[in-house]
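The values are calculated or read from the model by the stated rules, or taken from the named source; none is laboratory data. All of these numbers come straight from a predicted model, not from anything done at the bench. Note that we place each Cβ from the backbone using ideal geometry, even for glycine, and neighbour counts take in every protein chain shown. For accessibility, only protein heavy atoms count, side chains too; no ligands or nucleic acids. Shrake-Rupley method; radii C 1.70, N 1.55, O 1.52, S 1.80 Å.
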Amino acid sequence: MKKDLISIVDIKDELKEIIELGIELKMKQRMGEIFEPLKNKSMAMIFEKPSTRTRVSFEVAMTQLGGHALYLSPRDMQLGRGETIADTAKVLSRYVDIIIYRAYKHEMMLELAKNATVPVINALDDVEHPCQIVADLMTIREKKGEFQGLKLAYVGDGNNVANSLMLGSAIVGMDFYIACPKGYEPPDDIVGMARRIANETGSKVVITHDPVEAVKDADVVYTDVWVSMGDEAEKEARMKAFQSYQVNEELVKHAKPDYIFMHCLPAHRGYEVTDEVIDSRNSVVFDEAENRLHAQKAIILRLLKP
Ligand code: CP
Ligand code: NVA
């Protein structure tokens, strides 16, 4: 049976193992060790939305593992001229060993996964961004050690990144607080799922509208853009709603002195985060971005494991 990564919950039981493998692969890379277990393997990467980190880290990951990645934009595919995602999935499965997909709609992600006979990885959709969160958890593991007893404060939009981060935190047993404006909370079904998982791992999922309550004594402070790809029409309303949710020097004073600042990037400096915070000594955003490469190698290897 092929295994997909659509939600971070799909790798719930092996998440910690994947994080440790990511750390091991990073070491190999640092030592200059050649490790090419995916010789002659190919990956199709369909990107409906722009990407810097996800695209480049997946392509480089595949190259370094000895395989090959093909970047496919729907604009240049028959998908853009009306071929269905189901037919596209069936055809690509005859050529490649794994498919990466960045989609506007979660339903399209599910439709691709249902029809592909090879593993499908969600490279971001409107509901989740699981690969980002594997890299984030790897970064927290490297910087802070054990997850148990840590508090992560996410300040901002209850979006795809927040959803996966909430679920991922619950899986590893880290307390998750989100401070968001009214009307921008993560969806109830995902909060419910995260709380059920958190019950099992002895951690907490707290939703508040008060950024100070969330950030108080936090070990990790995380934010993401106020306007995600696909939300552009709501830009004006969002800019107003999120004004008091900026991560700035005043807010991070409430975190632990050795807190780390994280952001999936791209950052909109001066909006969700100030230069002072993102460029501070507490910021680990570029280590976090680097870890996309190592974490995704671990994910690919795990999904392609015979
Ligand atoms: N964080 C992230 O997924 O970045 P890209 O949109 O550049 O891939
Ligand atoms: N929430 C953002 C993440 C970008 C990596 C978006 O969906 O645009």
**Fill in**
In whole percents, the bins of 10 Å from zero upward hold the Cα-Cα pairs of the range 1-148 as 11, 39, 36, 13, 2
**Prompt:** Under 5 Å between amide H atoms, partner at least 5 residues away or on a different chain: which partners does ALA123 have, H built in plane at 1.01 Å?
**Reply:** TYR101, ARG102, ALA103
**Message:** If each DSSP helix of 4+ residues adds -39,500 (n - 2.57) and the sum is divided by the residues in the chain, what number results at 222 nm, nearest 500 deg cm²/dmol?
**Reply:** -13000 deg cm²/dmol
**Request:** Once you've got the GNM for the chain with C-alpha springs shorter than 10 Å, pick whichever of LEU124, LEU65, LEU165 has the biggest mean-square fluctuation.
**Result:** LEU65
**Message:** Give me the dipole magnitude in Debye, nearest 20, for the range 1-134 about the Cα centre, with unit charges on the beta carbon: positive for Lys and Arg, negative for Asp and Glu.
**Reply:** 300 debye
**Prompt:** Based on the Kirkwood radius over alpha-carbon pairs, what is the Stokes-Einstein translational diffusion coefficient of the range 99-255 at 25 °C with 0.890 mPa s viscosity, in µm²/s?
**Reply:** 151 µm²/s
**Message:** Please identify the DSSP H helices in the chain that span no less than 27 Å along the helix axis (Cα) and have a mean Kyte-Doolittle hydropathy of 0.0 or more.
**Reply:** 285-304
**Complete:** Per GNM of the chain with C-alpha springs under 10 angstrom, the most fluctuating residue out of SER203, SER283, SER51 is SER51
**Fill in**
Sorting TYR184, TYR259, TYR104 on solvent-accessible surface, 1.4 Å probe, most exposed first, gives TYR104, TYR184, TYR259
**Message:** Can you tell me which of MET239, MET31, MET193 moves the most in a GNM of the chain? Springs connect C-alpha atoms under 10 Å apart.
**Reply:** MET31
**Request:** Can you tell me the relative contact order of the chain? Whole percent, Cα pairs under 8 Å, sequence separation 6 or more.
**Result:** 20 percent
**Asked** For the range 260-306, what class follows from the C-alpha gyration tensor (a ≥ b ≥ c being the square roots of its eigenvalues): rounded when a/c is under 1.5, otherwise prolate if a/b is larger than b/c, else oblate?
**Response** prolate
**Item:** Evaluated over the chain, the Cα radius of gyration and Dmax, each in Å
**Value:** 18.8, 55
**Complete:** Shape descriptors of the range 80-183 over alpha-carbon atoms, Rg and Dmax in angstrom, are 16.7, 51
**Item:** Within the range 128-218: Cβ-based charge dipole about Cα centre, in debye rounded to nearest 20 (Lys, Arg +1; Asp, Glu -1)
**Value:** 200 debye
**Item:** Surface share of carbon and sulfur [accessible, 1.4 angstrom probe, percent] for the range 134-207
**Value:** 45 percent
**Listed residues GLU33, GLU111 arranged by accessible area, highest first, probe 1.4 Å** = GLU33, GLU111
**Request:** Could you state the accessible area per residue of the range 23-97 in Å², with a 1.4 Å probe and every protein chain left in place?
**Result:** 58 Å²
**Message:** Under a Cβ-only charge scheme (Lys and Arg +1, Asp and Glu -1), can you give me the dipole magnitude of the chain about the Cα centre, in debye to the nearest 20?
**Reply:** 840 debye
**Asked** Hey, how many Å between the Cα centroid of the range 1-58 and the Cα centroid of the range 233-301?
**Response** 22 Å
**Request:** Pairs of lysines 8 or more apart, or on different chains, with alpha carbons under 21 Å: count those in the range 158-306, would you?
**Result:** 9
**Asked** Taking only protein heavy atoms and a 1.4 Å probe, what accessible area per residue, in Å², does the range 146-276 have with all protein chains in place?
**Response** 42 Å²
